[in-house]
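Report on the structure given below.
The values are calculated or read from the model by the stated rules, or taken from the named source; none is laboratory data. From a predicted model like this one, the values you see are computed outputs, not experimental measurements. A quick note on method: Cβ atoms are made from the backbone with ideal geometry, for glycine too, and the neighbour counts reach across all protein chains shown.
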């Protein structure tokens, strides 16, 4: 999105920024973050600033989503008091996309997984609906479902934690 050239001035074409905002509305995106060379543009819908543009410093690719409580708040204290060891055997199944979370293939079908179920890497754990397309999401890890972190029908963000899995 950065225009070529050097020096000060506006490095972003306003028409392109407006088009990005239109696409965000059309596809119900809450955030767009783009980088080209040393320039970055970040558009966010909601109560926060709509546009933030600045020279970008090298940063990790995906940022952690702001949604949801920290894992320590969601998990009860362990009986042994060794929370660090418990967390070492835990992994999270996260959302690969923005969409609507469903526990089952249809309203009258049983859920794909429940707390206490064993899962393998290819085990489907839920469906995410994005733009009228229903995507089965595999566990991509092996272990026991320790907790479901979202409710059926919730709007889900990219990278949001869906399930807590206790690995062996």
- Exclusive hit being at pLDDT 90 or above, assigned to a loop (DSSP other than H, G, I, E, B) and under 26 Å from residue 29 (Cβ atoms), set 96, 110, 58, 65: 96
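Would you pick out the residues in region 85-103 that are touching a residue at least 24 places away in the same chain (Cβ under 8 Å) and farther than 18 Å from residue 159 by Cβ?
Quick first cut of region 85-103, residues touching a residue at least 24 places away in the same chain (Cβ under 8 Å) only: 89-103.
Those that are touching a residue at least 24 places away in the same chain (Cβ under 8 Å) and farther than 18 Å from residue 159 by Cβ: 89, 102, 103.
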- Query: Given the structure, is residue 90 surrounded by 15 or more Cβ atoms within 10 Å (Cβ to Cβ), outside the structural domain of residue 26 (by TED's automatic domain parsing) and at pLDDT 90 or above?
  - Reply: yes
- Could you tell me whether residue 76 is closer than 14 Å to residue 166 by Cβ, surrounded by 11 or more Cβ atoms within 10 Å (Cβ to Cβ) and modelled with pLDDT under 90? no
